[in-house]
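Before any comments, here is the structure.
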Amino acid sequence: MPLPLIAVGVAALVSAVGAAGAATRRYFRQPLGVMVVGQSLTGKTTLLNHWRGEWEDDPLRTLRSVRIAEFEVPTKDKVLGIERYLVFQNVKDVSGLDEAMRGFLDEVKAAAAVVYLVNAVHLHEEEARPAEQPHAAEWVRVLDDAGRIKRHCEKAGKVVIGVTHTDLDPRFAALGPAAYLAAVTEQLAAVLSKTGAGRTSVVAGSLLTRDSAAEFAEAVVETLL
Ligand SMILES: Nc1nc2c(ncn2[C@@H]2O[C@H](COP(=O)(O)OP(=O)(O)OP(=O)(O)O)[C@@H](O)[C@H]2O)c(=O)[nH]1
Ligand SMILES: [Mg+2]
């Protein structure tokens, strides 16, 4: 089964550096290839829409790949205290059901960073699964995709596992954000060992509302920078 591919692009990291009040700013561009992947209904289009400043409560499923014009995502460098911009170029939004991985294999292999979205509902179902029941297809797919990231994304310096739909996982309300993140990170240990624990970070959140999406999208960008 091919790796579902949503956003393949050459993204450039732009840093704006300037003294307060100065009329001029110095910029440097650092090319960064970013992929956003994940199976269907994990929130890929919603995340991309948010980054682009667009919002739909219920986006249409991505059935055909859609090319998106360049866009940039502002963020604050907390260490240097300056504005930075993650610039996405040549982005494609592709269905989680897309089976054309071969067509993107060069970009997949060249990616410097991977964002892999996982639906928290699938994680909760796996945790609640009685031992005698087989693993659900969605959980098997997460493990398989981790293997694909390991095989094809050797060059990626960073892998972000973005757990979405936390509003639908009862553990989130019960544990609170920090303990929940620790719990799902532990649950994803087999995934991290495939994608490489040294380069992989886990971020968890909800894309249900604009505010929660903003928090999640910013956390992903901070992890990418
Ligand atoms: N409750 C909840 N709904 C979400 C969340 N993220 C996305 N959704 C909803 O889930 C549905 C699927 O989101 P999409 O962004 O279209 O998912 P996708 O990964 O692009 O799906 P495909 O295009 O089919 O591959 C939409 O109705 C979203 O509004 C979330 O964190 N919580
Ligand atoms: Mg989509």
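None of the figures in this text is laboratory data; all of them are computed from the coordinates on show. None of these values were measured; they are calculated from a predicted model. Using ideal geometry, Cβ is built from the backbone for each residue, glycine included, and neighbour counts are taken over all protein chains shown.
Side notes on the structure shown:
- Protection-proxy order for peptides 51-60, 71-80, each taking the mean of Cβ atoms within 10 Å per residue, highest first: 71-80, 51-60
- Each peptide among 168-177, 186-195, 128-137, 108-117 gets the average number of other Cβ atoms lying within 10 Å of its residues, and from highest to lowest they stand as 108-117, 186-195, 168-177, 128-137.
- Under Karplus coefficients 6.51, -1.76 and 1.60, residue-wise ³J(HN,Hα) of the stretch 198-210 in Hz, glycine/proline x: x, 10, 10, 10, 10, 10, 10, x, 10, 9, 5, 10, 4
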